[in-house]
């Protein structure tokens, strides 16, 4: 919470509490010295589940983050929809040992906004991670062809 503005901290009170069996995650984004810089940034968020894998098969997570708004406030938040179900290929493991892994869903891109927290609701056993992308060039014209 090192980056949270007073406005963002106050806004948390407007978000719903976690339901039974769910967890609320909060991402605080650092304000840029020049707020116009934030339009050149993008946040990517993914949700994962820690499972035991065999080191051979490919795994995936069913479900996605769905954008919602707090009624009466219009603040954005994201809810993981779908059961935290892991899919895998069915190749025999041929004696490979088990290993603990985190299986991630497809990332969700969210506009960077340091004025409000990024709030995400997931089932309890899930994890959330994020990274920030910075636009490094302007749009270039494409050529017909």
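No lab work stands behind these numbers, since they all come straight from the coordinates. For clarity, every value in this text was computed on a predicted model and none was experimentally measured. Positions of Cβ are generated from backbone atoms using ideal geometry, with glycine treated the same way; all protein chains shown enter the neighbour counts.
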*Can you pull the one-decimal nm distance between simple spin-label points at residue 79 and residue 57, each 7 Å off the Cα toward Cβ?*
3.1
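Can you figure out the FRET efficiency of residue 109 with residue 13, using R₀ = 22 Å and their beta-carbon distance, to the nearest 0.05? If you can, show how the numbers build up before the last one.
Values: r = 27 Å, r/R0 = 1.23.
Taking R0 as 22 Å, the efficiency between residue 109 and residue 13 is 0.25.
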*Once you put a point 7 Å from the Cα of residue 124 and another 7 Å from the Cα of residue 99, both along the Cβ direction, what distance in nm separates them?*
3.0
*Roughly how many nanometres apart are two label points built 7 Å out from the Cα toward the Cβ at residue 86 and residue 35?*
4.4
_Report the rotationally averaged projected area of the chain based on its alpha-carbon convex hull, in square nanometres._
13.6
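Full-extension gain between residue 140 and residue 44, please, as 0.36 nm times their residue separation minus the C-alpha to C-alpha distance.
Result for the pair: 32.2 nm of gain on full extension.
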*Please give the FRET efficiency for residue 6 paired with residue 64, using the beta carbon to beta carbon distance and R0 = 22 Å, rounded to the nearest 0.05.*
0.10
